[in-house]
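Reading through the structure tokens given below for one structure.
The values are calculated or read from the model by the stated rules, or taken from the named source; none is laboratory data. Model, not experiment: these values are computed from the prediction. Cβ sites come from the backbone with ideal geometry, for glycine too, and all protein chains shown count toward neighbours. Side chains included, ligands, DNA and RNA excluded: accessible areas come from the protein's heavy atoms. Shrake-Rupley method; radii C 1.70, N 1.55, O 1.52, S 1.80 Å.
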Amino acid sequence: MECLQNKLIYSTKDTIKEIDLRSGNVSVLLQNLKSNIYSLDCDYKNGYIYFPKHDLNVRSRFRYPSDKPYKEEDMTTAAQPISLVVDPVSENVYWTELYTGWNLNGINKACILQDDNVYAITLDYRNRWLYYSTFGTTRQIKRARLNGSEKHPILESVEITGLGIDTNGWRLYYMIHHKGELKSSSLNGTNIIDVFSTNKTRRNIGIYVYDSNIYCTNDLQLLKVASSQAATSYVIHEDTAQTLGVLLYDEMGRYKPILIEEILF
């Protein structure tokens, strides 16, 4: 099977596509999904990409990579699921339901937290925190333990549609939807840095952070932003439909080896 470590997976309204970052070739993996797809994440151990079908109230997945035609598999009913993340340690899938809260999928589906219109979600797998944004009467970035305990705000914010954590520098990145601004902070919400402005308002949804590079959607475009004191960016691809969710697939696995001692202590 061909090397897949340079593949970017992204979604539009009802389609999931793949870009070969070396050749620039674009392939359709799934289409006619009949729902906006706002988020994607990968379970490397079991070989699946998970995604929420927001308009159909279901969380789904497909085998990736596969030598057979790609085929979606609906997994769990969910009330307007909008963002999800896979925990590589427990192999649980956590997702947000816009007007309900969080759920997780391990052996059983369970609601672990309710808040004010939760939207984006990301995971600090080393320290075992889930970060999420609220999108209702309170607009904040908060974090909580994986069972929903110790919930507290870390940033007063606006419309945050994308969250990601750099596992090299252990910083939080977030996309401000109505301004098109990408910002960064320490994991406790301090030391805020302006990273990059997309110059598009209310057209930026997903971000994905990998090795201090941020992949983000920007209306019809997919951008790569190299995080530095003077962040630089370039357009990876321009689609004919608005881009929504984005995921960089690394054949070697996204996460560095994790020692049990590091997780527990």
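Is it the case that F62 is under 16 Å from E73 (Cα atoms), touching a Leu at 6+ places or on another chain (Cβ under 6 Å) and assigned to a strand (DSSP E or B)? Reasoning before the result, please.
Working: under 16 Å from E73 (Cα atoms): yes; touching a Leu at 6+ places or on another chain (Cβ under 6 Å): no; assigned to a strand (DSSP E or B): yes.
Spelling it out, it is not the case that F62 is under 16 Å from E73 (Cα atoms), touching a Leu at 6+ places or on another chain (Cβ under 6 Å) and assigned to a strand (DSSP E or B).
Are there any pairs with C-beta distances below 9 angstrom linking a residue in the range 113-132 that is closer than 18 Å to C42 by Cβ and of a type in the set (D, E) to a residue that is outside any strand (DSSP E or B) and modelled with pLDDT under 95, with the two at least 6 apart or on different chains, and if so which?
Here the result reads D124/T167; D124/W170, each pair linking the range 113-132 to a residue that is outside any strand (DSSP E or B) and modelled with pLDDT under 95.
On the given criteria, is S39 touching a Phe, Trp or Tyr at 6+ places or on another chain (Cβ under 7 Å), surrounded by 18 or more Cβ atoms within 10 Å (Cβ to Cβ) and part of a loop (DSSP other than H, G, I, E, B)? I'd like the intermediate steps shown before the answer.
Numbers: touching a Phe, Trp or Tyr at 6+ places or on another chain (Cβ under 7 Å): yes; surrounded by 18 or more Cβ atoms within 10 Å (Cβ to Cβ): yes; part of a loop (DSSP other than H, G, I, E, B): yes.
For S39, the condition - touching a Phe, Trp or Tyr at 6+ places or on another chain (Cβ under 7 Å), surrounded by 18 or more Cβ atoms within 10 Å (Cβ to Cβ) and part of a loop (DSSP other than H, G, I, E, B) - is met.
Name the strands (runs of 3 or more DSSP E) wholly within the range 66-147 that hold at least 1 residues that are among the aliphatic types (A, V, I, L, M), under 21 Å from K183 (Cα atoms) and open to solvent by less than 10 Å² (accessible area, probe 1.4 Å)?
Working: elements: 72-77, 81-86, 93-97, 101-105, 109-113, 118-124, 129-134, 140-145.
Counting at least 1 such residues, we get 81-86, 118-124, 129-134, 140-145.
Taking the conditions exactly as written (among the polar types (S, T, N, Q), within 18 Å of the chain's Cα centre (by Cα) and modelled with pLDDT of 95 or more), does S133 satisfy them or not?
Against the criterion (among the polar types (S, T, N, Q), within 18 Å of the chain's Cα centre (by Cα) and modelled with pLDDT of 95 or more), S133 qualifies.
Give, as residue ranges, the strands (runs of 3 or more DSSP E) completely inside the range 169-250 that count at least 2 residues that are in contact with a helix residue (DSSP H, G or I) (Cβ under 6 Å, 6 or more places away or on another chain).
Values: elements: 171-176, 181-186, 193-197, 207-210, 213-218, 221-226, 232-238, 246-249.
Result: empty, no element qualifies.
Does I160 qualify as being under 14 Å from the mean Cα position of the chain (by Cα), on the phi < 0 side of the Ramachandran plot and modelled with pLDDT of 95 or more? It would help to see each step written out before you state the result.
Numbers: under 14 Å from the mean Cα position of the chain (by Cα): yes; on the phi < 0 side of the Ramachandran plot: yes; modelled with pLDDT of 95 or more: yes.
Spelling it out, I160 is indeed under 14 Å from the mean Cα position of the chain (by Cα), on the phi < 0 side of the Ramachandran plot and modelled with pLDDT of 95 or more.
Tell me whether the range 106-116 contains one or more residues that are more than 24 Å from D211 (Cα to Cα) and modelled with pLDDT of 95 or more.
Residues of the range 106-116 that are more than 24 Å from D211 (Cα to Cα), as a first pass: 106-116.
Restricting the remaining residues to those that are modelled with pLDDT of 95 or more gives none.
Taking every residue of the range 106-116 in turn, none turns out to be more than 24 Å from D211 (Cα to Cα) and modelled with pLDDT of 95 or more.
Being of a type in the set (K, R) and at pLDDT 95 or above narrows it down to one of R22, R61, so name that one.
Numbers: R22 fails: at pLDDT 95 or above.
Just one listed residue meets the conditions, R61.
Does the range 179-224 hold any residues that are hydroxyl-bearing (S, T, Y) and crowded, with 17+ Cβ neighbours inside 10 Å, and which are they? Can you show your working first?
Going through the range 179-224, the residues hydroxyl-bearing (S, T, Y) turn out to be 184-186, 190, 197-198, 201, 208, 210, 212, 215, 217.
Hits for the range 179-224 are S184, S185, T198, Y208, Y210, Y215, T217.
Of all residues in the range 225-265, which are surrounded by 12 or more Cβ atoms within 10 Å (Cβ to Cβ), charged (D, E, K, R) and at pLDDT below 75?
Selection gives R254 alone.
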